[in-house]
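To keep things clear, I will list the structure first and then write my remarks on it.
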């Protein structure tokens, strides 16, 4: 699989990406770690993992437990090394984990987060939804006073992990069990809630990829096996 991935390494800036369906959080975390190693060794170009998770709560590196209100039985809580506080992941939410080399892309951390947010803002415009950043909050995308997308990343030796969570058709009731992103009285929203009809995650994948390619100035390559997880093709 390494040989196939190396074939994509050219002078042109490219990335690998595809939608992997519903993936348990721990499996996705392990896959990120394998891809980080392969990216650091130059075996693969930049990668974006797009997926959904079964219901799970994740806690940031420096805070999160204090923002738990009441976690339901049977739902796992994972500590992570990303920034931010506690958040919820579940079906109906588009999760994106870019494994990018910031140095090769000439990006600082703040600019990288800005671009991730811009990808979402650009995507939302296609639905007639005006997303925005909130100056008093460090990251994420809002629609009015409601938050629609959370961003939390980790960077080590210029390579990124974790990423964003966009509420597409999410059961928003789960956010009542926590203070999302550590923000008191924050109301979460979704694309489906704002439009008044259901939108499936799979329906926005291509639009997200087009927006990402445009904002980051990268070309997507397809049909390449990645090291790390048998059966996953991007």
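Name the residue, out of 3, 22, 48, that is exposed (fewer than 14 other Cβ atoms within 10 Å of the Cβ) and at pLDDT 70 or above.
When all the criteria are applied, what remains is 22.
If I ask for residues that are modelled with pLDDT under 95 and buried (at least 17 other Cβ atoms within 10 Å of the Cβ), which ones from segment 110-141 would you list? Scanning segment 110-141 gives 139, 140.
When the residues of segment 32-43 are narrowed to those that are over 22 Å from residue 206 (Cα atoms) and touching a strand residue (DSSP E or B) at 6+ places or on another chain (Cβ under 7 Å), which ends up surrounded by the fewest Cβ atoms within 10 Å (Cβ to Cβ)? Within segment 32-43, the match that is surrounded by the fewest Cβ atoms within 10 Å (Cβ to Cβ) is 40. Is there a residue being modelled with pLDDT of 95 or more, surrounded by 17 or more Cβ atoms within 10 Å (Cβ to Cβ) and either touching a helix residue (DSSP H, G or I) at 6+ places or on another chain (Cβ under 9 Å) or in a strand (DSSP E or B) (or both) anywhere in segment 176-190? Yes, segment 176-190 contains at least one residue that is modelled with pLDDT of 95 or more, surrounded by 17 or more Cβ atoms within 10 Å (Cβ to Cβ) and either touching a helix residue (DSSP H, G or I) at 6+ places or on another chain (Cβ under 9 Å) or in a strand (DSSP E or B) (or both). Under the condition of being in contact (Cβ under 8 Å) with a residue 40 or more places away in the chain and under 17 Å from residue 16 (Cβ atoms), which residue from segment 193-210 is surrounded by the fewest Cβ atoms within 10 Å (Cβ to Cβ)? The qualifying residue surrounded by the fewest Cβ atoms within 10 Å (Cβ to Cβ) is 205.
Among the conditions (1) farther than 23 Å from residue 22 by Cα; (2) outside any loop (DSSP other than H, G, I, E, B), the only one that residue 135 does not satisfy is (2). Does segment 217-234 contain any residue that is in a helix (DSSP H, G or I) and modelled with pLDDT of 95 or more? So far as segment 217-234 goes, no, none of its residues is in a helix (DSSP H, G or I) and modelled with pLDDT of 95 or more. Taking the numbered list (1) touching a residue at least 60 places away in the same chain (Cβ under 8 Å); (2) more than 24 Å from residue 219 (Cα to Cα) in turn, residue 101 passes all entries but (2). Of all the criteria given as (1) under 27 Å from residue 36 (Cβ atoms); (2) not in a loop (DSSP other than H, G, I, E, B), the one not satisfied by residue 203 is (1).
All conditions in (1) touching a residue at least 40 places away in the same chain (Cβ under 8 Å); (2) more than 18 Å from the chain's Cα centre (by Cα) hold for residue 106, with the sole exception of (1). Taking the listed residues 194, 209, 166, the one that is closer than 24 Å to residue 91 by Cβ, outside any loop (DSSP other than H, G, I, E, B), at pLDDT 90 or above and more than 17 Å from the chain's Cα centre (by Cα) is 194, with no other qualifying.
When residue 13 is tested against (1) modelled with pLDDT of 85 or more; (2) surrounded by 15 or more Cβ atoms within 10 Å (Cβ to Cβ), only condition (2) is not met. One residue stands out among those in segment 65-99 that are over 16 Å from residue 162 (Cα atoms) and at pLDDT below 70: the one that is surrounded by the fewest Cβ atoms within 10 Å (Cβ to Cβ), which is 73.
The values are calculated or read from the model by the stated rules, or taken from the named source; none is laboratory data. Here the structure is a predicted model, which means the values were calculated and not measured. Reconstructed Cβ throughout: ideal geometry from the backbone, glycine too, with neighbour counts over all protein chains shown.
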